[in-house]
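Worksheet for the structure shown next.
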């Protein structure tokens, strides 16, 4: 746990290197890593209700499972405190996936924005941080995304030659996980996407079969989707006395507990942030306050 936690940070790798050889460190990391090569979500397995047009929605007949503390209401957002003795965490359960989309900083490639400012800019109900960014020596300004950014069907960042591990939503608001080129994503009608990994649940199956997931204990952000289309947005605080953080295995288990059919890890660490109803719900661990980000998954107003 110490090695995987230290080696997935920029500043604390010396903790592992002080008492283990590079070979020993690599063996530990390889034993715990998540291999999601050739893991692709099956979009056809998700049945998303059409809210705005369907008679069922207008008549109030659309109902959702309440076996996980989710009330049977239409177009509902529920916030669940999942804290325990080890960490503090929060889960937003969004029954209407049409309301979830990617939002980006106004100056992609130059400067990022704090999540609270992104949410305000898009007049959204809330959101979580999404994709990673270049952060040399921990001094990145959030402006340069790592990988791909697609917003409302438009490629904001990325190029035709590369293949990307994507966490995205297609035009039917189905969460899509996999490795794709821009050409392939266009054919799949992806409306919003960021690059991050690893995938934690694919087609109902956990990807972490042994170990802790290889990334140690840290603050976490993740997104998932149930078979009925409901979106799960998770943050867990870490690197604090009151909340040390979670492993990827623990995040995977939470997603399975709340019936995720597909789920993926997003940028964590000091970037982990959740905004809901004009409040910062969690406590980001950055000593400088909430970080500047290139992208977020937001929840739009009705």
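Brief remarks on what is shown
- 0 to 90° range, to nearest 10: angle between helix 22-32 axis and the chain longest Cα axis: 20
- Directionally averaged shadow of the chain, computed from the convex hull of its alpha-carbon atoms, nm²: 15.4
- Highest-MSF residue in the chain out of 85, 112, 131 [GNM, Cα springs under 10 Å]: 85
- Kirkwood-based shape ratio for the stretch 198-288, expressed as Rg/Rh from alpha carbons: 0.98
- Kirkwood radius, the stretch 166-230, all distinct C-alpha pairs, inverse of mean reciprocal distance: 13.3 Å.
- Mean Cβ count within 10 Å, highest first, over the residues of peptides 141-147, 103-109: 141-147, 103-109
- In range of the label at residue 12: residues from the stretch 81-112 whose backbone nitrogen is under 16 Å from the point 7 Å along Cα→Cβ: 86-88
- Take every pair of alpha-carbon atoms less than 8 Å apart whose residues are at least six positions apart; their mean separation over the length of the chain yields a relative contact order of 26 percent.
- Fewest-first ranking of 43, 136, using other Cβ atoms within 10 Å as the exposure measure: 136, 43
- Residue 279 paired with residue 162, simple spin-label distance in nm, labels 7 Å along Cα-to-beta-carbon: 3.8
- Sorting the segments 119-125, 254-260 by their residues' average number of neighbouring beta-carbon atoms within 10 angstrom, most packed first, yields 254-260, 119-125.
- The stretch 76-186 - Rg and Dmax from Cα coordinates, angstrom: 15.6, 46
Where a number appears in this text, it was derived from the coordinates with a stated rule and is not lab data. Quick caveat: nothing in here was measured; it's all calculated off a predicted structure. Positions of Cβ are generated from backbone atoms using ideal geometry, with glycine treated the same way; all protein chains shown enter the neighbour counts.
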